[in-house]
1. Among I90, I80, what's the order by accessible area (1.4 angstrom probe), most exposed first?
2. Quick one: ranking S70, S64 by accessible area, 1.4 Å probe, largest first, what do you get?
3. Whose amide H sits under 5 Å from the amide H of I80, counting only residues 5 or more places off or on another chain, with H placed in the peptide plane?
4. Need the full-extension length gain, S117 to N104, defined as separation in residues times 0.36 nm minus the C-alpha distance. One decimal, nm.
Amino acid sequence: MKRFLSSGLVVIAISLAINTSVEAKGKPEVIRKPVVQVNNNPSEYITPFELVANAYQGQYRMQSIPGFGSLIYDVKTGEITAKDLVKAAINAKILPSQAIADRNYLSNVDWQLRSMSK
């Protein structure tokens, strides 16, 4: 009885796998990297979440901000602060230079960094 049950489940699984396969049709889609422009309007800054997420992914390595576990470690030890990250984004032309003086933005970046390193 167990053998029939097992083989029945195998047959059902194979038939589902065969019947549910999907073939992509249509024109291939070209994926382009988004162009980031510096905006002078504070409401158009990249969000603090995006800034920290980009840093975590290593997008500011050229500006001496490490990514992944090294970023978390450096934040925990105080090697990297919100101000350091904002300066790196300014140097990378992601943020305008006045972002360094925006206390609210710096505070939100700091909160994102601290929440990431918990």
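1. If we order I90, I80 from most to least accessible, we get I90, I80.
2. On the way: S70 65, S64 100 Å².
In descending accessible area the options line up as S64, S70.
3. Amide H to amide H, under 5 Å and 5 or more residues apart or across chains, I80 pairs with V75.
4. On the way: separation 13, 0.36 × 13 = 4.68 nm, distance 2.02 nm.
Net length gain for the segment: 2.7 nm.
The values are calculated or read from the model by the stated rules, or taken from the named source; none is laboratory data. Only a predicted model underlies this, so the values are computations on that prediction, with no experimental measurement involved. Accessible surface is based on the protein model in full, side chains and every heavy atom, while ligands, DNA and RNA are left aside. Shrake-Rupley method; radii C 1.70, N 1.55, O 1.52, S 1.80 Å.
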